[in-house]
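Notes for the one structure printed next.
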Amino acid sequence: MADRRLSASQTAAAILALALVVGLAGDACHVAAGTTRYEWDGVPAIWRSAIWFPLALSGSVLAAAWLSERAGTPAARVRSRADAVTGAAVVLALYAVSALLNDAPTTVSVVLIGAIAVAVWSWWDPSPGALAVATAAAVLGPLAEIAVVAAGAASYADPVDGLAGVAPWLPCLYFAAGAVAARLWSALRD
Amino acid sequence: MADRRLSASQTAAAILALALVVGLAGDACHVAAGTTRYEWDGVPAIWRSAIWFPLALSGSVLAAAWLSERAGTPAARVRSRADAVTGAAVVLALYAVSALLNDAPTTVSVVLIGAIAVAVWSWWDPSPGALAVATAAAVLGPLAEIAVVAAGAASYADPVDGLAGVAPWLPCLYFAAGAVAARLWSALRD
Amino acid sequence: MADRRLSASQTAAAILALALVVGLAGDACHVAAGTTRYEWDGVPAIWRSAIWFPLALSGSVLAAAWLSERAGTPAARVRSRADAVTGAAVVLALYAVSALLNDAPTTVSVVLIGAIAVAVWSWWDPSPGALAVATAAAVLGPLAEIAVVAAGAASYADPVDGLAGVAPWLPCLYFAAGAVAARLWSALRD
């Protein structure tokens, strides 16, 4: 990819754009498969998402990427812009796979998404810092979605709502996204 | 793998053999799953393919690999013979996955195959040259299959024929194959 | 990961722990999906496995890893502890995927698991030594399971018992596990 180092605002814009594409396409998979449903009428939609979802998601990814960069924990591997595309594409593929698991036993879906999530972390940046961000994402992301479901703004379909209203594999999906987000700033900037 | 540099004809033979294995095994998946069907009786078959399919496919892969090598666009990564095996195996796995998506929503199948295809390009050789070959394959491959379907020689099953008679995810599958083909010549030769 | 070189007993313990996690989680997928069933009552269980399965599996992985290290065949790639986590996670993901293929045509399931197994070998360590261990595992593992099924201790469900009572894709799954096991000793030790 290009050699030019990006400014902070350019890096932030690149992260937002990448997170927006992954979030919108992944969420469209969940809506198309009936995994999730938006419950409030009259909310503007982008593709198949209520407008607040991609905004909240890409804002969270940007915050995670920027805070990780500021924290300065050492990365185990230096990642390039091309690697960032691979990481984002793998997370999106995992997102799409989760939309195919509505009829799968919970054991299988959690083990499958969890195993790939661990592989994403140990491939992308097997550092304690990235592990911490991934773990935080695996806790905070599902908690936020549980609050959204409790507020009645969205819901998961009956077979995949076993974790306080959200999917049992959701922490695994956030773990993978968090691991990649942890080094997205330096990967896209340099 | 071996260290010896192959001659041009040996390299071509290796590419043809690899493309033949991937094409025959992948096509057998599509036929077994009912994704595709050959419509003309009396055409000799290899495994589950009408004989013209593996010949056209491996000839096209060889042409793409040779023309890419001749064009001389710089590769972003040097690839070995072992990498070529990984690339071909991943494309074959993607081919097999597509045979499992006959009942999946189109959004999910296209996002899944598309995300993995982008990951294949950005892992294998994230160069503009490979992107050009992948994009050309994503256009020309489905166009050729649309012509085959229009001629009545083969057909895609009802749920997955939404792109002028072929599967909506077909450009993504060709994109991945084209990306790998773009550097197959040097990977297998050296 | 850590820099400290492990002793032989520590390395063995790490291999046993990793194999136990993968074996128990993967087997739980097979039982949950109805792919396999334990037939003898009164055998103590760990999670969803009869106790002899994880013991036999992790013992076999340890034996394969130790014998490969002793044989001293050269590795094509040096692997780290983080790589070992990735390798184990990918094998576990493949294990979980196989639990989703009970209704898939045999052609598709064998090609899919087989293609990913080849990709695992050619990524992890594309050496003749690892290929030999993977091939031995692909023969001996299914033979052992065929004996277990013949003894009446366990069974595969009707649609996936076509290989003398076990699943046709089982050799491919053992191939992937064997390839990773072949270099697990040095990867975890150093």
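Data table
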quantity	calculated
Total charge dipole magnitude, the range B:1-71, about the Cα centre, Cβ charges on Lys, Arg, Asp, Glu only, Debye to nearest 20	200
Cα-only Debye scattering, the range B:1-120: base-10 log of I(q)/I(0) at q = 0.23 Å⁻¹	-1.40
About the Cα centre, charge dipole magnitude for chain C (Lys/Arg +1, Asp/Glu -1 at Cβ), debye	700
Calculated [θ] (222 nm, deg cm²/dmol) that DSSP helices of n ≥ 4 give over chain B, each run adding -39,500 (n - 2.57)	-22000 deg cm²/dmol
Cut-off 15 Å between beta-carbons: net charge of the residues surrounding B:Y174, Lys and Arg +1, Asp and Glu -1	-2
Computed label-point distance, nm, for sites C:L55 and C:Q10 using a 7 Å Cα→Cβ extension	2.8
For the B-to-C rotation axis, chain B residue with nearest beta carbon and its distance in angstrom	B:L100, 5
Two-decimal Rg to Rh for the range A:73-176 - Kirkwood Rh, Cα set	1.00
Solvent-accessible area buried by pairing B with A, both sides, nearest 100 square angstrom, 1.4 angstrom probe	1200
Options B:L67, B:T35, C:V22, ranked by Cα towards positive dipole end of the protein assembly as shown, top entry (Cβ charges)	B:L67
Exercise: per-residue mean of other protein chain Cβ atoms within 10 Å, B:32-45	1
The range C:5-155 - percent of accessible surface contributed by carbon and sulfur, probe 1.4 Å	70
B:L20-C:A151 FRET efficiency (beta carbon distance; Förster radius 51 Å; 0.05 resolution)	0.80
The range A:70-155: chymotrypsin sites (Phe, Trp or Tyr not before Pro) in DSSP coil with no more than 12 other Cβ atoms inside 10 Å	none
Distances in nm from B:S7 to the matching label points in the other copies, shortest first (labels 7 Å along Cα to Cβ)	5.9, 5.9
Kirkwood Rh in Å, taken over the protein assembly as shown so that all alpha-carbon pairs contribute	24.5
The range A:66-130-the range B:32-111 distance, computed between alpha-carbon centres (Å)	27
Nm distances between copies for A:G162, ranked from closest, using label points 7 Å along Cα→Cβ	3.0, 3.0
Accessible area per residue in Å² at 1.4 Å probe, computed on chain A	41
Using a 7 Å Cα-to-Cβ projection, B:V78 label spacings across copies, nm, ascending	1.8, 1.8
Average other protein chain Cβ within 10 Å of Cβ, residues C:82-89	5
Cα centre as origin, Lys/Arg/Asp/Glu Cβ charges: the protein assembly as shown dipole, Debye	2020
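The values are calculated or read from the model by the stated rules, or taken from the named source; none is laboratory data. Note that this is a predicted model, so its numbers are computed, not measured. Note that each Cβ is placed from the backbone with ideal geometry, even for glycine, and that neighbours are counted across all protein chains shown. Heads up: the accessible areas ignore ligands, DNA and RNA and are worked out on the full protein's heavy atoms, side chains in. Shrake-Rupley method; radii C 1.70, N 1.55, O 1.52, S 1.80 Å.
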